[in-house]
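A quick write-up on the structure given underneath.
The values are calculated or read from the model by the stated rules, or taken from the named source; none is laboratory data. All of these numbers come straight from a predicted model, not from anything done at the bench. No Cβ is skipped: glycine too gets one built from the backbone with ideal geometry, and neighbour counts run over all protein chains shown. Just so you know, the surface numbers come from the protein's heavy atoms only, side chains and all, with ligands and any DNA or RNA stripped out. Shrake-Rupley method; radii C 1.70, N 1.55, O 1.52, S 1.80 Å.
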Amino acid sequence: MAKVFVLNGPNLNLLGTREPEIYGSTTLKDIEQMTRAAAHKHGLEIDFRQSNVEGELVNWLQEAGKQAVGVVLNPAAYTHTSVALHDAIKAIGIPVVEVHLSNIFAREPWRHHSHVSPVARGMICGFGADGYPLAIDALAAALRTGKK
Ligand code: DQA
């Protein structure tokens with residue numbers, strides 16, 4: 001079965017208790033299950049990971065470039081700061097779908113800029129946990145077109 005990496009950045013391990021008024025009460029474990037179910041519908045297997053460390057996310061993107069057909073990435077706060085994630089996505093030859101639980105454009109102005117969006121295949125934000133299965137559907141559609 002073709003593999004998709006689902007990578008989650010800093011503080012997403014705290015979902016469920018972290019600012020539930022913004023991020024909802026769904027835990028990352030729940031999101032993993034929802035994402036896996038969506039992936040199975042498309043005949044895709046997922047490798048679901050979370051790290052609070054920027055370099056680890058860079059290493060995982062590079063690993064995905066060798067092992068996976070695509071990536072769903074919630075870079076969390078690194079969205080707004082990380083040139084390293086931008087460069088890593090550019091370096092790997094597979095589509096990356098950016099996902100955010102919250103609508104980053106409806107929040108503080110400094111969240112409106114993403115270093116990831118210019119190199120992502122596309123972005124889904126503002127739909128809470130449902131954004132993850134939506135991102136899997138989007139990635140599956142992108143894979144069907146064969147375009148990065
Ligand atoms: C987030 C949005 C980011 O601005 C924030 O730093 C996060 C989560 C989201 O999923 O809505 O940690 O990526």
Residues in the stretch 62-70: is at least one out of contact with any Leu (no Cβ under 6 Å at 6 or more places or on another chain), among the hydrophobic types (A, V, I, L, M, F, W, C) and within 16 Å of the ligand (Cβ to nearest atom)?
no
Yes or no: the stretch 108-117 includes at least one residue that is open to solvent by 50 Å² or more (accessible area, probe 1.4 Å), among the charged types (D, E, K, R) and either within 12 Å of the ligand (Cβ to nearest atom) or touching an Asp or Glu at 6+ places or on another chain (Cβ under 8 Å) (or both).
yes
Looking only at the stretch 118-135, decide whether some residue is open to solvent by less than 30 Å² (accessible area, probe 1.4 Å) and among the aromatic types (F, W, Y).
yes
Restricting attention to the stretch 1-25, which residues are away from the ligand (no atom under 11 Å from the Cβ), open to solvent by 40 Å² or more (accessible area, probe 1.4 Å) and out of contact with any strand residue (DSSP E or B) (no Cβ under 6 Å at 6 or more places or on another chain)?
T17, P20, E21, S25
